[in-house]
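Below is one structure, written out as structure tokens; the observations come after it.
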Amino acid sequence: MTSKFLRILLAVAVTFTISALAQTGSAATPSSPAATPANPAPSAPAPNTGTKVGAINMEAAIFGSNEGTRDLEAVQKKFEPKRNELKSQGDELEALKKQLTTQEGKLNEDAAATLKKQIESKQKLYERAVQDAQEDYGNQNQEIFSRLLPKVAPVIIKYSQDNGFGMIIDTSKQWPQGPVLMAGEALDITKAVVDLYNAQSGVAAPTGGTTKPAAPKSGTGAGAAKPPAPKPAEPPKQ
């Protein structure tokens, strides 16, 4: 539920940010005589809205930029201790379940019941810890996205106007979670926008020991950017 809500917020943020920038760039000159200067300066040429349709994966553009990759890697490094902690908890839980499976026939009723309660208690703690870590990580991803969106959006607007695009669709979410059923690669401007933004931002490509996170393909969303958190183990069978 939280993940879906965050995605809706991001989609709304994208829509309002880009729409506001587009309207600002194409604001009409005053038509009222009182608002018209005595010696008006030559009006700027109207933006070329064009007729072409383009597609961009907003999440891939932001997290795939040098700045987004750098910040995402910093978050992943920050969560490394938590990831290791969850792995240890998961391994301990699996060891107890294996013990229950192999010794259940040999344990007396009280010992078996005690072991099952121990497993159930650790199971709940583990699942809660995984959920909290995933929500925390998702919130920090959202912070990166929200911070970089106002920087990337003007590049999208300028690229669209310079290249005759009249409409740009976002393919971050795969249908039916998103509105786009299909968008061919020929329409995609994600890489062009990322290259332009990297040149404008001046942020160099990360050269640390970490591997650059793969930008999600069109329509797959940002789920690929999430850290590989351990999956909650199955509860013990009664």
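Just so you know, all these numbers are worked out from the coordinates, no wet-lab data involved. Because the structure is a prediction, the values reported are computed rather than measured. Methodologically, a virtual Cβ is constructed for each residue, glycine included, from the backbone with ideal geometry; neighbour enumeration extends over all protein chains shown.
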Inset, instruction - Mind checking the full-extension length gain between residue 117 and residue 207? Use 0.36 nm per residue of separation minus the Cα-Cα distance, one decimal, nm. - result: 27.6 nm
Legend entry - Potential extension, residue 77-residue 142 segment - 0.36 nm per residue separation minus Cα distance: 21.7 nm
Legend entry - Rough spin-label spacing in nm, given labels placed 7 Å along Cα→Cβ, for residue 174 and residue 92: 3.6 nm
Inset, instruction - Mind sorting 65, 88 by how few other Cβ atoms lie within 10 Å of their own Cβ, fewest first? - result: 88, 65
